[in-house]
Every structure is written in structure tokens, then in C-alpha cells.
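Working notes for the structure below.
What follows draws every value from the coordinates through simple rules; no lab data is involved. Computed from a predicted structure; not experimentally measured. Because the Cβ atoms are built from the backbone with ideal geometry, glycine has one as well, and the counts that use them run over all protein chains shown.
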Ligand SMILES: Cc1cc2nc3c(=O)[nH]c(=O)nc-3n(C[C@H](O)[C@H](O)[C@H](O)COP(=O)(O)O)c2cc1C
């Protein structure tokens, strides 16, 4: 599978966790790593370029620190500008169908805080639901998020292990050892765009 990583960290020079994840995957062969803040320091996103990149890939990873229970601002700008009606969704908006989307995030909060009754009151999956539903609207599969919780408080050994988990996931998706259909987010119901595709494949298999 062709993997596109859209990376967003507004202060990479001060980053620890995302820097580790960045360094583990940014130069992997066969992966397209695209640093949005580096490409668009003025936020003037080149929509045609971004859409062309999306067309060339099967799996899109949004890799970013978790900011205000969501993503840094450029990710929102990217969604607002690139996922146009008539291209990504709506009449004629079929270009992302049967591709996959995943968030790869780092948080300040501990995993135990992301529960009902915990300090952050919601599960991470609930907080990421706008991404989940945006993927659904565009006919994409939404994958279980990859999260490094409270990475800045981890020992360097534990952070290195999580980093290598991430690298393994990206390589597995790239090489086909990990089937994205087996990594869909919990409870995710595939959009209709996949139905035709699956029965089409089944017809050809018999
Ligand atoms: C503007 C801002 C907003 C943040 N919002 C959250 C948040 O909502 N939840 C959380 O767990 N951590 C939050 N954090 C902490 C970051 O997610 C955390 O420091 C980061 O993921 C660590 O990665 P880094 O070392 O690459 O920056 C926030 C940090 C900043 C600067």
C-alpha cells in the first residue's frame, strides 16, 4: 500500500515525542512524508498539490500532537481546503473512496485520563470522532488511532519502544503485512463505497 504521512507540529524544535516518531518514519523508503508546517508556513495550502498527493496514496496518516482535544490548526485548514465538495464528498466526490485514514497522535494526558470519569471525561476515540466521521463521509476506512500517551513522561526506553511500534505499523501497512481492513477503528461501519468493492472482489474470486 502507498502510505502518505501528513505531519503537523508547529514547534518541531521543541518537540520530543513527535520528533522521535518523525525521525523513525520520515525517511523510510516507499513512504511519502509531508511536513505541513514546513510546506505551508503561511497556511497557504496548495490544494491541487495536496489532492494530487492523495490520489497517489492508499493510506493517509495524520501524524500530530493532540492539541485542545484535536489537532494543530494546520490540520483543520488542510481538511477545510483540500477535502472539497465534488472532489472528496458530495456529487462526484469519489476520489478518496476505499482509501484509509488514521490519526497518529501524542498526548500530554495519561491514557487513564481519557475515560469517562477520568480527568478528560472522554475516550480518545470519542474525541477523534470528527476525523472518523470525515473519513466516513469521504467513503474511506478509518483506522484505529495510534497514540503515544504522556510520552514526555515515559522513560527513554519506553518511548523508544512505542516509536518502534509506530515504525512497525507504518512498514506493515506499506508492505502489506498489516491489512488496514483488519485495523479499522472499533465499531467503525464501513461506508457504502466499500460494499460494491467487496462484492466485486468476491465475484471475481469465485
Ligand atoms: C497548544 C497545546 C494544546 C495541547 N492540548 C492537549 C490536549 O488537549 N490533550 C493532551 O493530552 N495534551 C495536550 N497538549 C500536550 C501535547 O499533546 C503534548 O505535549 C505533545 O503531544 C508531546 O509531543 P511533542 O514532544 O512532540 O510536542 C497540548 C499542548 C499544547 C502546546
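Give me the percent of DSSP beta bridges within the chain that run antiparallel, rounded to the nearest 5. Approximately 10 percent, going by the DSSP bridge assignments. Calculated [222 nm] ellipticity per residue, helices only, for the chain: -11000 deg cm²/dmol; basis is -39500 (n - 2.57) per DSSP H run with n ≥ 4, divided by all residues, nearest 500. Give the distance, in whole Å, between the Cα centre of segment 145-166 and the Cα centre of segment 172-186. Centre-to-centre (Cα) distance: 20 Å. Once C-alpha pairs closer than 8 Å and six or more residues apart are averaged by separation and normalised to the residue number of the chain, the relative contact order reads 23 percent. Mean silhouette area of the chain, derived from the convex hull of its C-alpha atoms and averaged over all directions, reads 12.3 nm². A full extension of the chain between residue 181 and residue 49 corresponds to an added length of 44.8 nm, given 0.36 nm per residue minus the alpha carbon distance. For residue 111 and residue 12, a Förster radius of 30 Å and the Cβ-Cβ distance give a FRET efficiency of 0.80, rounded to the nearest 0.05. Annotation for segment 1-67 versus segment 80-142: alpha-carbon center distance of 16 Å.
In this rough spin-label picture, where each label sits 7 Å from Cα along the Cβ direction, the residue 154-residue 39 distance is 2.6 nm. Judged by the ratio a/c of the largest to the smallest principal axis of the C-alpha gyration tensor, segment 1-58 counts as oblate, that ratio being 1.5 or greater while a/b is no larger than b/c. What Kirkwood radius, in Å to one decimal, follows from the Cα pairs of segment 109-193? It works out to 14.6 Å. Of the peptides 10-17, 162-169, 60-67, the order by per-residue mean of other Cβ atoms within 10 Å, starting with the highest, comes out as 60-67, 162-169, 10-17. Over all pairs of different C-alpha atoms in segment 1-107, the reciprocal of the mean inverse distance, the Kirkwood hydrodynamic radius, equals 14.3 Å.
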